[in-house]
Amino acid sequence: MYKEGFKSALPIVLGYLPIGIAYGLISVNGGMTIAQTVAMSLVLYAGSAQFIASGMINAGASPLSIISTVFMVNLRHLLYSASLSKYFKSIPRRSIPMLSFFITDESYGVSITELENGQQPTRAYFLGLFITAYLGWVISSLIGALSGQAIGSNINLGLDFTLPAMYIALLMMQLKGWHKAVIALFSGMLSVALIFIIPGNGNVIISAVAGAALGVLFNRWTKIS
Amino acid sequence: MDKNFIIALIGMFIVTYIPRMLPAVGLSRVKLPSWFIEFLEYIPVAVLAALLLPSILVQNGHVELNLNNHYLIASIPAFAAAIFKRSLFIPVIVGLAAYIILSYV
């Protein structure tokens, strides 16, 4: 079971590599130490929040403004955590607080898709997937931080497209029935529109909640007719 | 490490960890109303689409619907592969190959 989780985490690790390296480079070039840069990856483990936080730290922002910004950016994890709770029912209760630390956009996307396609929700599966992805993130940001100015911040590993491609694969594995296809289209378009209006990933949480709510209404309407 | 950084780090940890942990711990022990279960069933597709579409359509701060948007063009073979083979790996490999080829032409 560890092995299955490990294998499923490999596309995530590949996707984290360019982003983690870019984060490490930008933080260190902006003035943070290598230890601070890696400490954020170890403790936060949240890509976009870390980019924003390191920018704010390097600009000398107050801890309170940094903390409240990070809170807003990471609020979408509420949805992922709620969505995974169904599958956490079958693992030991005391493991849930530990496992939920590792919920990210990517680890959520992969695990929920595999669980809905027949993967058994065991502690070993979650650990294999979550720890591998976590190490991928921490090590990528360490590589970036250590490289410092040596590479320059405009490296192109050709891996930038890994995460969009992974979202495509996951979305297609999730699409069952026209209801879900309509909701996906709705949430996706809304997210594109909102990204220009709402800062800090607010577009993701708002369009996902709006889409899922519309989905519930869909179920009601089609039941009546 | 200076004091402000430590304070910020602890604060950031708390505000990031709580939303990750609370629903998983709280909701896994209660029986949820049916509308909420239906709501949660739509969350994966809604979230994935909300993450995906901006990442391939929006480049440099605006919507790019043209051939110069390599993310958009590489998505076509990735989607085709995902329809043909519902797996995590094949569409990623096809999409990455297309993207890397595009950056050399």
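Bear in mind that the values in this text are calculations on the coordinates, not laboratory data. All of these numbers come straight from a predicted model, not from anything done at the bench. Every residue, glycine as well, gets a Cβ built from its backbone with ideal geometry; the counts of neighbours run over all protein chains shown.
Scalar couplings 3J(HN,Hα) for the stretch A:20-37, obtained by applying the Karplus form with A = 6.51, B = -1.76, C = 1.60 to θ = phi - 60°, are x, 5, 4, 4, x, 4, 5, 4, 5, 5, x, x, 6, 7, 4, 4, 5, 4 Hz; x denotes Gly and Pro. In this structure, the amide hydrogen of B:Q59, modeled 1.01 Å from its nitrogen in the peptide plane, lies closer than 5 angstrom to those of B:E64, counting only residues at least 5 positions away or on a different chain. Please work out the Cα center distance from the stretch A:44-82 to the stretch A:101-147, rounded to the nearest Å. Cα centres, the stretch A:44-82 to the stretch A:101-147: 19 Å. Would you work out if the stretch B:45-105 is rounded, prolate or oblate? Take a ≥ b ≥ c from the square roots of the eigenvalues of the alpha-carbon gyration tensor; rounded if a/c is under 1.5, else prolate when a/b is larger than b/c, oblate otherwise. Oblate, since a/c reaches 1.5 and b/c is not below a/b.
Volume per residue, Å³, of the convex hull around the alpha-carbon atoms of the protein assembly as shown?
On the way: hull volume 44.8 nm³, N = 330.
Per-residue hull volume (Cα only) is 136 Å³.
Summary value for chain B: 15 percent relative contact order, contacts being C-alpha pairs under 8 angstrom separated by 6+ residues. Pairs of lysines in the protein assembly as shown whose Cα atoms sit within less than 21 Å of one another amount to 9, provided the residues are eight or more positions apart or on different chains.
Determine Rg/Rh for chain B; Rg is computed over alpha-carbon atoms and Rh is the Kirkwood hydrodynamic estimate from the same atoms. Mind showing how you got there, number by number?
On the way: Rg = 20.2 Å, Rh = 17.7 Å.
Ratio of gyration radius to Kirkwood radius: 1.14.
Rounded, prolate or oblate: pick one for the stretch A:1-47, where a ≥ b ≥ c are the square roots of the eigenvalues of its C-alpha gyration tensor, a/c under 1.5 means rounded, and failing that, prolate if a/b is larger than b/c, else oblate. Since a/c reaches 1.5 and a/b is larger than b/c, the shape of the stretch A:1-47 is classed as prolate.
As a footprinting exposure proxy, order A:R94, B:R29 by other Cβ within 10 Å, with the fewest listed first.
On the way: A:R94 7, B:R29 11.
Ascending Cβ contact count within 10 Å gives the list A:R94, B:R29.
Here, P(r) means the percent of Cα pairs in each 10 Å bin from 0 to the largest distance; for the stretch A:2-161 it is 11, 37, 33, 16, 3.
What percent do you get for the relative contact order of the stretch A:66-225 when only Cα pairs under 8 Å and 6+ apart count? Kindly include the intermediate steps, with their values, before the conclusion.
Details: 83 pairs, mean separation 42.2, N = 160.
For the stretch A:66-225, the relative contact order is 26 percent.
Angle of helix A:77-88 to the longest C-alpha principal axis of chain A, folded into 0 to 90 degrees and rounded to 10: 60°.
Assuming 0.692 mPa s and 37 °C, estimate D for the stretch A:175-225 with Stokes-Einstein, Rh taken as the Kirkwood radius over Cα pairs, in µm²/s. Please report the intermediate quantities before stating the final value.
Numbers: Rh = 11.4 Å.
Estimated via Stokes-Einstein, D reaches 287 µm²/s.
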